[in-house]
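These notes concern the structure reproduced below.
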Amino acid sequence: MYLKKINLKNRYALVTGAGKGLGRACSIALAEAGATVIGLSRTQSDLDKLQKDIKKVKGKLIKVNC
């Protein structure tokens, strides 16, 4: 992914709709680039699944259930 070329280490990214679709894809890409992702979603189970995927790329996720 293109964001791997960007170093986002020590940065935070706030992503709404992080549990599904485009928000989920952006969250994973930002985590791969080194950002700590603050993911907002209405569904806790979607955030739990996202956390597993972000851990696979050695990223960090702060989950916020709205």
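If you take the residues of the range 54-66 that are charged (D, E, K, R) and under 16 Å from G34 (Cβ atoms), which of them is surrounded by the fewest Cβ atoms within 10 Å (Cβ to Cβ)? Full working, then the answer.
We begin by selecting, within the range 54-66, every residue charged (D, E, K, R); these are 55-56, 58, 60, 63.
Among the residues that remain, those that are also under 16 Å from G34 (Cβ atoms) are: 55-56, 58, 60.
Details: K55: 12, K56: 11, K58: 9, K60: 14.
Of everything passing the filter in the range 54-66, K58 is surrounded by the fewest Cβ atoms within 10 Å (Cβ to Cβ).
Looking only at the range 45-58, decide whether some residue is β-branched (V, I, T), part of a strand (DSSP E or B) and in contact with a helix residue (DSSP H, G or I) (Cβ under 9 Å, 6 or more places away or on another chain). No, the conditions are met nowhere in the range 45-58.
Taking K20, is it of a type in the set (K, R), at pLDDT 95 or above and under 9 Å from the mean Cα position of the chain (by Cα)? Talk me through it step by step, then tell me what you get.
Numbers: of a type in the set (K, R): yes; at pLDDT 95 or above: yes; under 9 Å from the mean Cα position of the chain (by Cα): no.
The answer is no for K20.
Checked across the range 28-46, the condition of being among the acidic types (D, E), surrounded by 15 or more Cβ atoms within 10 Å (Cβ to Cβ) and under 10 Å from the mean Cα position of the chain (by Cα) holds for at least one residue. Going through (1) more than 14 Å from K60 (Cα to Cα); (2) part of a loop (DSSP other than H, G, I, E, B) one by one, L22 falls short only on (2).
Going by the conditions given, is A13 under 10 Å from the mean Cα position of the chain (by Cα), at pLDDT 95 or above and surrounded by 21 or more Cβ atoms within 10 Å (Cβ to Cβ)?
Numbers: under 10 Å from the mean Cα position of the chain (by Cα): yes; at pLDDT 95 or above: yes; surrounded by 21 or more Cβ atoms within 10 Å (Cβ to Cβ): no.
Against the criterion (under 10 Å from the mean Cα position of the chain (by Cα), at pLDDT 95 or above and surrounded by 21 or more Cβ atoms within 10 Å (Cβ to Cβ)), A13 does not qualify.
The values are calculated or read from the model by the stated rules, or taken from the named source; none is laboratory data. What you see is a predicted model; the values in this text were computed from it and never measured. With ideal geometry, Cβ positions are generated from the backbone for all residues, glycine too; neighbour counts draw on all protein chains shown.
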